[in-house]
Number of protein chains: 2
Amino acid sequence: MQRIVVDAMGGDLAPEEIVKGAAEASIALADAEIILVGDAATLGGILPRLRHDGARVRVHHASQHVEMDEKPAEAIAAKPDASIVVSAELVAAGEGDAMVSAGNTGASVLACARRWKLIPGVRRAALASVYPTELRRGDRNDPFSLILDCGATIDASAEDLVTFAIMGSAYAGLVSKNRRPRVALLSNGTEAGKGPAAVVAAHQILLEATELNFIGNVEGLDIPRGVADVIVCNGFVGNVVLKMLEGVSETVVRLARYAHKEKLAWRLGLMALSSALSQLKAVTDWQQYGGAPLLGFEHLFIKAHGRSNAHAITNAIKVAAKAHAGDLCGHIARGVADVIARQRPGSPTVEGTA
Amino acid sequence: MQRIVVDAMGGDLAPEEIVKGAAEASIALADAEIILVGDAATLGGILPRLRHDGARVRVHHASQHVEMDEKPAEAIAAKPDASIVVSAELVAAGEGDAMVSAGNTGASVLACARRWKLIPGVRRAALASVYPTELRRGDRNDPFSLILDCGATIDASAEDLVTFAIMGSAYAGLVSKNRRPRVALLSNGTEAGKGPAAVVAAHQILLEATELNFIGNVEGLDIPRGVADVIVCNGFVGNVVLKMLEGVSETVVRLARYAHKEKLAWRLGLMALSSALSQLKAVTDWQQYGGAPLLGFEHLFIKAHGRSNAHAITNAIKVAAKAHAGDLCGHIARGVADVIARQRPGSPTVEGTA
């Protein structure tokens, strides 16, 4: 039984849609228990109205919550009983196996960082994100790739990038059922020597000291195509890339409309295309894939999008349950220990366990 | 009279299209002289066949040339009489005012770096590039923004980023006739404190010690919109961003087609959109805007695209002539000296002039 702790108070549509998503998951998932964290009176007023499995979903009270636009560090300090803090504490105490929240990203990452331990050998956590691609992958034929880090670690050393590669590969392997995910470093050229010092050094370590399906460097051009299943970069570059992708199909359509507003054929074409893009977005959307996993801690946190509706929350809970059932964190721990052992053949100790 | 030195042997379509572009420019530009550098016998066989102004275009012999796919450092070392090396030498010797080439990017940047001096106070050169945007700018209503660096300087310090901002602003001011270009730093958030240390420090210097129209940080989402006229980042990030933009409209169209090939209305829409995108591309293309300026040296180099045809070369020559006529390098030198003086009020000397 996977016990998934859900922050019921975080997200633009909280708590209604979060509770609804949890209720749906309690029926859809045979092997999960869902712990909804938030104001007991509020949640107790919503849950009974919804179809749910009472044996698989319960409420855990938290008297406070963090607003979407609060400053993370200040909010966490001022609200010790915030639902996201209580959620992270439940998991840290062994009362839950993984956490889901659609709330304030900074506050939820900070709550994990304050209450959870990093996996031995992992120095920095990474927030991964899926994005739609042209090529498909895995047994599920998923039309998306994973990119990490997307903002948790602005500067990343070579060792951090290698760890991100191991974490991303483990996650893609479990969630997309892709046994040998193609892992790539994002750089300014495909040659091994291209890029900043951290990328060049990470390239060598990935080639020599891991058993990942490392396909080398990819360039910006390869991102939308989906040449790699997992793209590794530091959090600054990942953030820029993701935000560009977010706005880009929108802008292409607007640009074309702007340049050619006088032609009826083009207008009709663009209307048809807008419809196609919307449907495409639905297929490849984060809503279908649960959200962004925070990787590197001893527990998994799935950060669902702030605009998540019930369906997105159900999917996030499913992904969290699946990753925990597949022992994601164990995979990562073994992968990291393995690369450290290979890099330092004389050393019997695993870095970070002192 | 602006004397523009053109590497006639560099580019996918060299030497024919390069010579043709120079011939056209000799007629179109009243105040420029064009010096075509390359094999005299070859060029002498092409130029007389073309309509040109014999008083404004002449050939300077160079017995070798660098191929598009040669390794830059090796090629430059092995071919001291390569057309790109001879071109850079002519400018360094005062026999030309600016240089244009559609050849091997690495080799041409290296030829400049070996023969030209950096402007006092400039520590690293930057290669800038234009890209199409939704919003328009300047007296010419140009539908593109400038982004720099795009690959010359992989890691950039805060001071380098500030210098890039000054250089980009000066270039946009002259070439787009945009008197107060909006300059922005690319970061992972709009707040002043967001980003790697170099970006955070550059933000402060740009606010406090320059008179640029600095609008603060922009995010990835703002790139395709064109919120800023000049976007500043290090060469690694700039390379990733540009290459993503290069492939992205292509991929959007392919993706939509892939997902919806069965629906006739969508297919028609996509055909219309492809046509719109092609026309849009023609409007906003690098061919129209001459290419990528290499900024920071005492002379200007315009790197035209490898696929440049005669029209693109003519435009690159026009841009080089316009920038030199407007004293681009003088503008940059004064801007850099000014920021150094403001940062160190007690110091009468300008850094780098020792």
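The values are calculated or read from the model by the stated rules, or taken from the named source; none is laboratory data. Since we're looking at a predicted model, the values are computed, not measured. All Cβ positions, glycine included, derive from the backbone under ideal geometry; neighbour counts span all protein chains shown.
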ask   = Does B:L264 count as at pLDDT below 80, more than 7 Å from every other protein chain (Cβ to nearest Cβ) and closer than 23 Å to A:D222 by Cα?
value = no
note = Given (1) assigned to a helix (DSSP H, G or I); (2) in contact with an Asp or Glu (Cβ under 9 Å, 6 or more places away or on another chain), A:L43 misses just (2)
task = Could you tell me which residue of the stretch B:183-204 is farthest from A:M244 (Cα to Cα), considering only residues that are in contact (Cβ under 8 Å) with a residue 40 or more places away in the chain and crowded, with 22+ Cβ neighbours inside 10 Å?
result = B:A202
ask   = Can you find a residue in the stretch A:50-63 that is part of a helix (DSSP H, G or I) and at pLDDT 95 or above?
value = no
key: Every pair of residues 6+ apart whose Cβ atoms lie under 6 Å, when the first sits in the stretch B:304-326 and is farther than 21 Å from B:G96 by Cα while the second is in a helix (DSSP H, G or I) and modelled with pLDDT under 95   = B:H305/B:W286
message = Among the residues of the stretch B:99-116, are any in a loop (DSSP other than H, G, I, E, B), away from chain A (no Cβ under 14 Å) and basic (K, R)?
response = no
ask   = Residues B:A41, B:A25, B:A55: which one is in contact with a helix residue (DSSP H, G or I) (Cβ under 9 Å, 6 or more places away or on another chain), more than 17 Å from B:G106 (Cβ to Cβ) and surrounded by fewer than 20 Cβ atoms within 10 Å (Cβ to Cβ)?
value = B:A55
task = Answer with yes or no whether A:G195 is facing chain B (nearest Cβ under 7 Å), in contact with a Ser or Thr (Cβ under 6 Å, 6 or more places away or on another chain) and modelled with pLDDT of 85 or more.
result = yes
task = State all residues of the stretch B:129-188 that are closer than 23 Å to B:A202 by Cα, away from every other protein chain (no Cβ under 14 Å) and of a type in the set (S, T, Y); if no residue qualifies, say none.
result = B:T163, B:S169, B:Y171
query = Is it true that B:G290 is more than 14 Å from chain A (Cβ to nearest Cβ), under 30 Å from B:E211 (Cβ atoms) and modelled with pLDDT under 95?
reply = yes
inquiry  = Take the residues in the stretch A:10-22 that are acidic (D, E) and surrounded by 15 or more Cβ atoms within 10 Å (Cβ to Cβ); name whichever of them is nearest to the chain's Cα centre (by Cα).
reply    = A:E17
remark   = Over the stretch B:142-192, the set of residues of a type outside the set (V, I, T), closer than 14 Å to B:A125 by Cα and assigned to a loop (DSSP other than H, G, I, E, B) is B:D149, B:C150, B:G151, B:A152, B:D155, B:A156, B:S157
inquiry  = It is to be established whether one or more residues within the stretch A:147-157 are surrounded by fewer than 23 Cβ atoms within 10 Å (Cβ to Cβ) and modelled with pLDDT of 95 or more.
reply    = yes
